[in-house]
Amino acid sequence: MERTKYLSNYTNSITAESEKQIDKPTPNRKFLPKVGKMDQNLENKTTQLLGLCQDQELLYSLSRDKLKKIMKEVRTIKERKYKRNHVPKYRVPGYKAMSLEEVDRFFSAFHPDEWRSKVMFQTQAFLGLRIGETVKIRIEDIDFQNKQIKIRTEKQGPYEIMDSMFLHERLETLLQDYIHEYEREIIQHKGYLFFSETFRGKYDYITADRARNIFREICNRANLTEYYGNRTPISGVKNFKPGKLYKLTTHSLRYAFAQYLRRQEIPIEIRQHLMRHKSRETMQIYDAPQKPEVDGYLRQAFSNAKLMG
């Protein structure tokens, strides 16, 4: 509980007054391409393979070693087939973090009728979540009495791990208002806070891809459009879409959370726990200082130095 006292200033940069009435945006549907006659045999084999993967009785009957071997083979095939020719995904450590000024610009760019999306990203920023963790929060995951919120942690091995985080006052008030406004819709969508825009969709919650599209729309509106390269073709991908590699992504809100904790001189063990990282090496990627900070230290170091004439 004690570690949460460091977050108050950071949360001030995220929460702003918002209108609660929204207009539901038009759903963004994606359809799978049709399979031609020549590909029908491959399609049948793919269907059989997916059926085996969904056979829980079969999977549970396998030993741990066999499951690990299957997963390793699948990862190897994926890496070989979709090998990048590429500009590094994250350029340099720390590059993708949002500054507090950028955080403020981002949240100021939401329109009043986009309050639902804004609360989704505020929840991500307040807790330093991955976007996939944010969209899957359910109403039963929130314990207002004990001020705890459960998180379905990603990237902790092949299984979902439930973790809980402190529900600080600013986020508690925000979520209470949100649930009061959308309680009926939340219940209709199996308790997911950030429910899907359509009842006919595959999922009851906003997908991570849809959330990323919303993030990009808001960044464009806020003129947060810096990019460091272009997507290069990936072997094995037929319908490759070229595009820019943007500095800021949904993960930048998680980076901003980590950077803020570091500047508050919170011990790395506490930061690692809050970020839910297994290793300290991974945590250090988020700890990398941003260029303005490095420039500031260099300027300070030589401001009064009498060197080199």
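Scanning region 259-300 for residues that are among the hydroxyl-bearing types (Ser, Thr, Tyr) and without any contact (Cβ under 8 Å) to a residue 40 or more places away in the chain returns Ser279, Thr282, Tyr297.
Being at pLDDT below 50, more than 31 Å from the chain's Cα centre (by Cα) and not β-branched (Val, Ile, Thr) is a property that Lys45 lacks. For the residues Glu133, Glu154, Glu140, Glu172, the requirement of being closer than 30 Å to Lys69 by Cβ and either surrounded by fewer than 19 Cβ atoms within 10 Å (Cβ to Cβ) or at pLDDT 95 or above (or both) singles out Glu154. For Ile266, indicate whether it is over 16 Å from Gln124 (Cα atoms) and touching a Lys or Arg at 6+ places or on another chain (Cβ under 9 Å). So Ile266 fits the description; yes.
The values are calculated or read from the model by the stated rules, or taken from the named source; none is laboratory data. On a predicted model such as this, the values are computed, not experimentally measured, just so you know. When we count neighbours, we look across all protein chains shown, and the Cβ atoms used for this are built from the backbone with ideal geometry, even at glycine.
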